[in-house]
Amino acid sequence: MALNTFEKDNIRFMKAAILRAKTAAKHGETPVGCVIVKDGQIISSGRNKRENGKNALYHAEIQAIDKACKKLGGWRLHECDLYVTLEPCAMCAGAIINARIKNVYFGASDTKAGSFGSVINLADLPYNHKPVIHSGLLSEECSYLLSDFFKQLRCHKQMNKSSSEIKALPEQ
Ligand SMILES: [Zn+2]
């Protein structure tokens, strides 16, 4: 089935968010990436920087919203759409509502912290703004990024453990 322009654009923007997530992984961060789009153009992006930035606030969405506000010179992002590889947490969902973002597209669901449908759906509560939530865009690709990252992390830990066990062996 041929994709229409709208679907093609959505995939293109999510792929751009995936690229940011891959950059996060390269820096040893949980791979989450985000872009904000206005009038068919990416105006800002963000990626998870929590570990290296040593800061709980450094989520991909917060960074992208911060940059978009600076770029547009205001806090109202009501003409913007946000694409993120992982379902936003409560903090990011709150920031999205506060920024009046119009549409939110996310890839993988987050059963532990997702706040647009998994743990809770903040978009269903009677706040003064309700973003329209579109879940599951390129979800397999987004989920794979995460599972592959954690698999490699476990391998790394296992290797480090084995090498420290070898070092700990008594000399003959
Ligand atoms: Zn978040």
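The numbers here are math on the coordinates, done by the rules we state, and not lab data. These numbers come from a predicted model, not from an experiment. No Cβ is skipped: glycine too gets one built from the backbone with ideal geometry, and neighbour counts run over all protein chains shown.
Key figures for this structure:
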item	result
Lys22-Arg154 pseudo-label distance in nm [points 7 Å out on the Cα-to-Cβ vector]	2.4 nm
Per-residue ³J(HN,Hα) for the stretch 134-150, Karplus 6.51 cos²θ - 1.76 cosθ + 1.60, θ = phi - 60°, Hz, x for Gly and Pro	10, 9, x, 6, 6, 4, 5, 5, 5, 5, 4, 3, 6, 5, 5, 4, 6
Relative counts (whole %) of C-alpha pair distances in the stretch 1-96, using bins that are 10 Å wide	17, 48, 28, 6, 0
Kirkwood-based shape ratio for the chain, expressed as Rg/Rh from alpha carbons	1.09
Straight-distance crosslink candidates among lysines, where the alpha carbon sits under 22 Å from Lys70 and sequence neighbours closer than 8 are dropped	Lys38, Lys49, Lys102
Proximal aspartates and glutamates relative to Lys8, as straight alpha-carbon distance under 20 Å, when same-chain residues fewer than 8 apart are discounted	Asp39, Glu79, Asp81, Glu140, Glu141
Farthest positive-ward along the stretch 79-147 dipole, Cα basis, beta-carbon charges - from His134, Asn103, Ala123	Ala123
Percentage relative contact order, the chain, counting C-alpha pairs under 8 Å, at least six apart	17 percent
Longest exposed-site-free window of the chain, the sites being trypsin sites (Lys or Arg not before Pro) in a DSSP loop that have at most 14 other C-beta atoms within 10 Å	113-172
Counted charge near Glu141, where neighbours are those whose Cβ lies closer than 14 Å (Asp, Glu -1; Lys, Arg +1)	+2
Sequence-distant residues sharing a close amide H with Ile43 (under 5 Å, placed H)	Ile36, Val37, Lys38
Helical mean residue ellipticity (222 nm; -39500 (n - 2.57) per DSSP H run of 4+; nearest 500) of the chain	-15000 deg cm²/dmol
Lysines with Cα under 25 Å of Lys161, excluding same-chain neighbours fewer than 8 positions away	Lys26, Lys54, Lys151
Estimated dipole of the chain in Debye, rounded to 20 [Cβ of Lys and Arg +1, of Asp and Glu -1, Cα centre]	480 debye
Candidates Ile18, Ile65, Ile97: whichever shows maximal mean-square fluctuation once the chain is modelled as a Gaussian network with Cα springs under 10 Å	Ile97
Charge context of His78, other residues only, Cβ under 14 angstrom, K/R +1, D/E -1	+2
